[in-house]
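Just so it is clear, none of the values below were taken in a lab; they were calculated from the coordinates. Everything numeric in this text was worked out from a predicted model, so none of it was measured.
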Amino acid sequence: MNTIQLSNDILIPAIGFGTIGQFGKQIEDNVAFALKNGYQLIDTANRYTNEKSVGRGIKKSGIDRKIYLLKQN
């Protein structure tokens with residue numbers, strides 16, 4: 001996967017899955033599908049008011065979140 005280097009030298013995926021305008025079961029299923037199919041960045045914001053559904057989608061994916069934790073030097 002292509003990455004982008006941030007000004008603090010952390011690399012993030014170049015493409016993320018956007019969540020604006022999605023709610024409930026729709027976003028749970030979409031987030032789970034995206035993670036199962038290689039997405040590593042889920043783009044969300046507090047103003048979208050869908051954080052709980054995004055979280056349920058992450059859990060539903062079955063992907064171990066620990067593998068994505070940033071390692072700090």
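Of the labelled options [x] 37, 26, 20; [y] 43, 23, 18; [z] 32, 25, 19, which one gives Cα extents along the principal axes in Å as computed for this structure? Computed from the coordinates, Cα extents along the principal axes in Å corresponds to [x].
Pairs of Lys residues in the chain that lie 8 or more places apart, or on two chains, and have C-alpha atoms under 21 angstrom apart add up to 10. Taking Cα atoms only, the orientation of helix 51-61 departs from the longest principal axis of the chain by about 80 degrees.
The C-alpha atoms of the chain define a longest principal axis, and helix 24-36 lies at about 40 degrees to it.
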